[in-house]
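Scroll down for the structure; my scribbles are underneath it.
The values are calculated or read from the model by the stated rules, or taken from the named source; none is laboratory data. What you see is a predicted model; the values in this text were computed from it and never measured. Positions of Cβ are backbone-derived with ideal geometry, glycine not excepted, and every protein chain shown enters the neighbour counts.
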Amino acid sequence: MANNELKDLAKELYIAGFDIFKIAKILNRNEKTIRNYKAKDGDWDKQKANLLTSKIKDKESASLYESFTEQMFCAIENINADEKMNAEKKTEAIARIGDSFSKMRKVARLEDPSSYRLNVAKKVVEIIISHLKNDKDCVAKLVSLLESGVIEKEILAMDI
């Protein structure tokens, strides 16, 4: 393996979370050699931090939207279950929640379209599974399809 390839591989391993000692073992090199690669290139820590920051941001965005969606569904269930409210008041309350959800959807789409699509798809799948849970063959086919990644690719390609 050429020296540049080793440097690149060491850098990739470092950014992926391996420590210098482990990288040296994996590449069968001295720790000092790996430290020299890192010192000469200089941006390993910055790239590692950027990767970690982007992962955290992606998780937070998805989690925030998912939390909002779950709270909205709970609120609708509570409104529907409230026996003290008449039909007109229930309709008004649900309409207000729908308006809030619509606004949140627009923000989510602009902020992180792929997380938005995947969260909507997740909710749809949960609804489908809740209706098909007694049909084990159907659920098995659905799980197989989800695990294949085909649905995820199609969802991410959607223009919403």
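A few notes on this one:
- Among the candidates Lys7, Lys55, residue that is at pLDDT below 80 and either outside the structural domain of Val120 (by TED's automatic domain parsing) or out of contact with any Leu (no Cβ under 7 Å at 6 or more places or on another chain) (or both): Lys55
- Test: Asn80 is outside the structural domain of Ile15 (by TED's automatic domain parsing) and at pLDDT 75 or above: yes
- A count restricted to region 30-47 and to residues that are polar (S, T, N, Q) and under 13 Å from Asp8 (Cβ atoms) stands at 1.
- Listed by first and then second residue, the pairs linking a residue in region 118-135 that is at positive phi to a residue that is modelled with pLDDT of 70 or more and β-branched (Val, Ile, Thr), with Cβ atoms under 9 Å apart and 6 or more places separating them unless they lie on different chains, form an empty list.
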